[in-house]
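See below for the structure under consideration.
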Amino acid sequence: MRYSIVSLVLAAVSTVSGLPNHPKKNLIMMVSDGFGPASEVAARAYIQQSQKYPEDYMTNLDKLLIGSSRTRSSDSFVTDSAAGAVVFASGVKTYNNALGVDRNGVPVGTNMEAAHRLGYKTGVVVKSYITDATPAAFASHVLERDMNSLIAEQMAGLIPEVGRNLDLMFGGGKCTFMSNSTKGSCRADNRDIISEMKAAGWTTTENRDEFNKIPANVKLPVSGMYAIKNVPYAIDYPINDVPSLPEMAKKALDILSEATKNSEYGFYVMIEGSRIDHAGHDNDLGTHIREIIEYYETIKVVSEFIDANPNTVMISTSDHETGGLTLGRDNKYVFRPLVYANQTMSIDISCAGLLERPLKDRGAYVTEKMLPVHLGMSNVTEAIASKVLASKIRADCLLAMSDALNRDSNINWSSLGHSGVDVNLYAKGATTEQLAGNHENTDIGKWLTKYLDVDVNAVTKELAKINVNQYPYTRAPSTYVFDYISHD
């Protein structure tokens, strides 16, 4: 291979001066969990009509659309979030429910682990459990996503064979880090992972006040666990004082950019709109739309950061679609998004309020609170009220409440789970035009790895003999809608 005299001189100068021989770069991977094309149209239509914008209104994501992504896993045309996120983190297909392992259960390294080893600062920002499928796919290795206790230990950097691969984690799921002797814990053992993290040097925060006080130059690693289970839905913020997704994203970007300002390398962070998916599982379009709007606000935060820091790129896509949403039903050519304008509470929280009440109090709760206030309905009929009141379990209540508005808006859901449709792909920043067009989801993971210029195979070799099994293991209760349907 021939080298020019100029290139040799520049290389020598770079080595002697200590200057990096590669451009410093930041990568922001955004995952809109469960967000399909119909969801984008529904949210856009809701904003356009409620704000009286013109018909050609474009959302923050519309402006960044460059292509689409296929979503199948190695064992199904309909993926779950675990397999759907492993392709972004490792560039390989795996089976549904697997995290950080290939289709044969063999550990595979991730581009985030490889980036951290090279010198990048890394982080995950989510509204789900921090140990949930999407964030865990970037920094853990287990045979089944239900192994939350082992995932927590790995993400906290407490497994020597895995090492610490995260400098920042913001989200929910504190229960997976709490000893099972503590009220609210969902761990399989009595280890107090939060105390172990503090002893290992983590700066830990657990509420809104502590979050607000985190300075940009905070000592890393830093964690924020702002809910025992999932961080509440955006529509439920009025009854929950927690940081929102755009707030957590902005804080994370401030911290990571400050931590890398004098570094040879930049940062790599994954930001997930986790609960877009959960509302899809609940077939709750009003809540789903508000989660999407919050994701748009987060995209705005990230986009403004890229404008100010052009060495940064952002990729945004979904691991899959959730709910099989259709806009239009019963041969009627109409969709009425403003039916959801007066909804004030998620169906999830409203139904929980019903089922925890004694039977004698449920009738008044349904007719005076759930339907007219929580759903904002002005046309409550006896048939609708009776169907909700007849609910014996959460599933019945979700479906009854969903159907109460779905007919008025003229939409339908085909599933309480995922579908196999392609999802949109969005991007901003230098070189992202390479992702234009339709892609297998593994292409996205491979592109991220190439952009970071990291060696995932080297990490895979290091992880060859780690333990990827945990017995006994428990699933985190709130991450599932029903026993047989993943809530992610």
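The values are calculated or read from the model by the stated rules, or taken from the named source; none is laboratory data. Every value quoted in this text rests on a predicted model; they were computed, and no experiment measured them. Positions of Cβ are backbone-derived with ideal geometry, glycine not excepted, and every protein chain shown enters the neighbour counts. What goes into the accessible areas is simple: the full protein's heavy atoms, side chains included, and nothing from ligands, DNA or RNA. Shrake-Rupley method; radii C 1.70, N 1.55, O 1.52, S 1.80 Å.
For VAL106 and SER244, the difference between the fully extended length at 0.36 nm per residue and the C-alpha to C-alpha distance is 46.1 nm.
Since only ILE293, PHE77, ALA458 are under comparison, the one whose Cα sits farthest along the positive direction of the charge dipole of the chain, derived from C-beta charges on Lys, Arg, Asp and Glu, is ALA458.
Projected label points at ASN379 and ASP56, each 7 Å from Cα along the beta carbon direction, are separated by 3.5 nanometres.
Compared with the direct C-alpha span, the chain from ARG208 to SER415 gains 71.0 nm at full extension, assuming 0.36 nm per residue. Projecting the Cα positions of THR344, SER378, PRO358 onto the charge dipole of region 338-410 (unit charges on Cβ atoms of Lys, Arg, Asp and Glu, taken about the Cα centre) puts PRO358 furthest along the positive direction. Spin-label model, ARG407/ALA395: points 7 Å from Cα along the beta carbon direction are separated by 2.3 nm. Computed with every protein chain present, the accessible area of ARG117 is close to 90 Å² [probe 1.4 Å]. Using all pairs of distinct alpha-carbon atoms, the Kirkwood hydrodynamic radius of region 338-410 works out to 11.9 angstrom. So which aspartates and glutamates pass the test for LYS387, namely a Cα distance under 17 Å, with those fewer than 8 places away in the same chain ruled out? LYS387 reaches ASP282, ASP284, ASP348, ASP361, GLU368, ASP396, ASP403, ASP408. By a 1.4 Å probe calculation restricted to protein chains, HIS278 has an accessible surface near 0 Å², given to the nearest 10. When all protein chains stay in place and ligands, DNA and RNA are ignored, the 1.4 Å accessible-area order of TYR46, TYR57, largest first, is TYR57, TYR46. Rolling a 1.4 Å probe over the protein heavy atoms leaves LYS121 with an accessible area of roughly 60 Å². Loop-located trypsin sites (Lys or Arg not before Pro) across region 18-67 with a Cβ neighbour count of 16 or fewer within 10 Å are LYS24, LYS52, with loop assigned by DSSP. On the beta carbon distance between LYS24 and ALA341, with R0 = 60 Å, the FRET formula returns roughly 0.85.
Separation of region 65-136 from region 338-401 is 37 Å, based on Cα centroids.
Simple point charges give the picture: +1 on the Cβ of Lys and Arg, -1 on the Cβ of Asp and Glu, and for the chain a dipole about the Cα centre of about 380 debye. Around the Cα centre of region 266-410, unit charges on the Cβ atoms of Lys, Arg, Asp and Glu (plus for the first two, minus for the last two) sum to a dipole of about 600 debye. Rounded to the nearest 500, the 222 nm mean residue ellipticity of the chain from helices alone is -10500 deg cm²/dmol, with -39,500 (n - 2.57) taken per DSSP H run of at least 4 residues.
Only Lys, Arg, Asp and Glu carry charge here, each on its Cβ (+1 for the first two, -1 for the last two); on that basis region 338-410 has a dipole of about 160 debye about its Cα centre. Summary value for the chain: 27 percent relative contact order, contacts being C-alpha pairs under 8 angstrom separated by 6+ residues. Just the protein heavy atoms count here, and of the accessible area of region 338-410 at 1.4 Å, carbon and sulfur take up 56 percent.
Restricting the trypsin sites (Lys or Arg not before Pro) of region 306-413 to loop positions (DSSP other than H, G, I, E, B) with no more than 16 neighbouring Cβ atoms within 10 Å leaves LYS392. Secondary structure note: in the chain, about 35% of the DSSP beta bridges are antiparallel. Given (i) 34, 29, 20; (ii) 35, 24, 23; (iii) 39, 26, 21 as candidate values of semi-axes √(5λ) of the Cα gyration tensor in Å, which corresponds to the one derived from the coordinates? Entry (iii). Across the chain, the longest run free of exposed loop sites, meaning GluC sites (Glu not before Pro) lying outside DSSP classes H, G, I, E and B with no more than 10 other Cβ atoms within 10 Å, spans 56-355.
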